[in-house]
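The values are calculated or read from the model by the stated rules, or taken from the named source; none is laboratory data. What you are looking at is a predicted structure, and each value in this text was computed from that prediction instead of being measured. Here the Cβ is made from the backbone with ideal geometry for all residues, glycine too, and neighbour counts use every protein chain on show. Just so you know, the surface numbers come from the protein's heavy atoms only, side chains and all, with ligands and any DNA or RNA stripped out. Shrake-Rupley method; radii C 1.70, N 1.55, O 1.52, S 1.80 Å.
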Amino acid sequence: MRIDIITVLPELLRSPFEASIVKRAIDKGLVEIHLHNLRDYATNRYKQVDDYPFGGGAGMVLMAEPIDRCLTDLTSQRTYDEIIYMTPDGEALRQAAVNSMSLMGNLLILCGHYKGVDQRIRDLWITREISIGDYVLSGGELGAAVLCDAVIRLLPGVLGDETSALTDTFQDNLLAPPVYTRPREFRGMAVPEVLLGGHSGKIDSWREEQALQRTRERRPDLLDH
Ligand code: ADE
């Protein structure tokens, strides 16, 4: 998989890809991340990429021309499965969308900033708009990092234990059951007996039961999907 990210703040997007599972995936050649600084596509000599909104109001808007130049350049080199714009008014990101994006070959992500991008860019280029939650970030970069992390960990060969993504919270629209490790007793609290018995059928049904109970208590909305 290849992911291209267009941003005015490439520095903000370096460290998320330099540690842990995502770094390992990059080192193994399972994913390539390419950062593109929007300023490199500025059309005037001040390298300006934002301007005041028509009609007035607070905040700046990312200008159409630099983004259009950048998108024209990148799409002339390869075909993208999706051209994604990170924005708080986009579709709320859910595991099902992450799963389907993990099957794609080329993703392009545009990070918004300030008050967002000129609407004509959205109308002309964007195939999908994604929000990572009902709160406003100072830019789309952290949202893009969240999306990339969620997608990359699902690529075949990334997680050590090939089956472990299947038991994640949200796969099957259920929260994950509680987990325990050694010691068997900690501050007088024991590990549930069923997990120590080695009876895999009983363990599976205990986990299913716990997952369902947790979901009912904490996220009943998931059971409606
Ligand atoms: N940019 C600003 N806020 C955002 C959010 N909640 N999700 C995605 N991109 C954003």
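Please get the size of the charge dipole for the chain, origin at its Cα centre, with Cβ charges of +1 on Lys and Arg and -1 on Asp and Glu, quoted in debye to the nearest 20.
520 debye
Would you work out which of Thr215, Asn173, Leu195 lies farthest towards the positive end of the dipole of region 169-224? Charges go on Cβ: Lys and Arg +1, Asp and Glu -1.
Result: Leu195, furthest along the dipole toward the positive end.
Could you run the Karplus curve 6.51 cos²θ - 1.76 cosθ + 1.60 with θ = phi - 60° over region 8-21 and give me ³J(HN,Hα) per residue in whole Hz, x for Gly and Pro?
Per residue, the Karplus-derived 3J(HN,Hα) values read 8, 10, x, 4, 5, 9, 7, 4, x, 9, 10, 8, 6, 5 Hz.
How would Leu212, Leu71, Leu166 line up by accessible area, probe 1.4 Å, largest first? List each step's numbers first, then the result.
Details: Leu212 60, Leu71 0, Leu166 125 Å².
The most accessible residue leads, giving Leu166, Leu212, Leu71.
To the nearest 20 debye, what charge dipole does region 1-98 have about its Cα centre, counting +1 at the Cβ of each Lys and Arg and -1 at the Cβ of each Asp and Glu?
So the magnitude is around 340 debye.
Provide the solvent-accessible area of Thr79, counting protein heavy atoms only and rolling a 1.4 Å probe, rounded to the nearest 10 Å².
About 120 Å², ignoring ligands and nucleic acids.
Averaging sequence separations of C-alpha pairs under 8 Å and six or more residues apart, then dividing by the length of region 2-152, give the relative contact order as a whole percent.
Result for region 2-152 is 30 percent.
Could you state the number of Å between the C-alpha centres of region 188-220 and region 86-111?
Going from one Cα centre to the other spans 32 Å.
Using all C-alpha to C-alpha distances in region 169-224, build P(r) with 10 Å bins and read off the rounded percent in each one.
23, 43, 29, 5
How many percent of the alpha carbon pairs in region 28-110 exceed a separation of 15 Å? Before the final figure, lay out the partial values.
Values: 2351 of 3403 pairs.
Everything past 15 Å amounts to 69 percent.
How large is the dipole of region 169-224 about the Cα centre if only Lys and Arg carry +1 and Asp and Glu carry -1, each at its Cβ, rounded to the nearest 20 debye?
It comes to approximately 300 debye.
Rolling a 1.4 angstrom probe over the protein heavy atoms, how many square angstrom per residue are accessible across region 169-224?
Using a 1.4 Å probe on heavy atoms only, each residue of region 169-224 averages 79 Å².
How many nm is it between the label spots at Met60 and Asn44, if each spot is 7 Å from the Cα in line with the beta carbon?
Reported label-point gap for Met60 and Asn44 is 1.1 nm.
Consider all pairwise Cα distances in region 92-213 and report the whole-number % of them above 23 Å.
The calculated P(r) of region 92-213 puts 51 percent of pairs beyond 23 Å.
Tally Lys and Arg at +1 and Asp and Glu at -1 over the other residues with C-beta under 11 Å from the C-beta of His113: what net charge comes out?
For residues surrounding His113, the net value is -1.
Taking a cut-off of 19 Å between Cα atoms, list the aspartates and glutamates near Lys115, but don't count ones fewer than 8 places away on the same chain.
Within reach: Asp50, Asp51, Glu65, Asp68, Asp89, Glu91, Asp123, Glu129, Asp134, Glu141.
Quick one: Debye curve from the C-alpha atoms of the chain, no solvent, what's log10 I(q)/I(0) at q = 0.13, 0.14 Å⁻¹?
-0.85, -0.94
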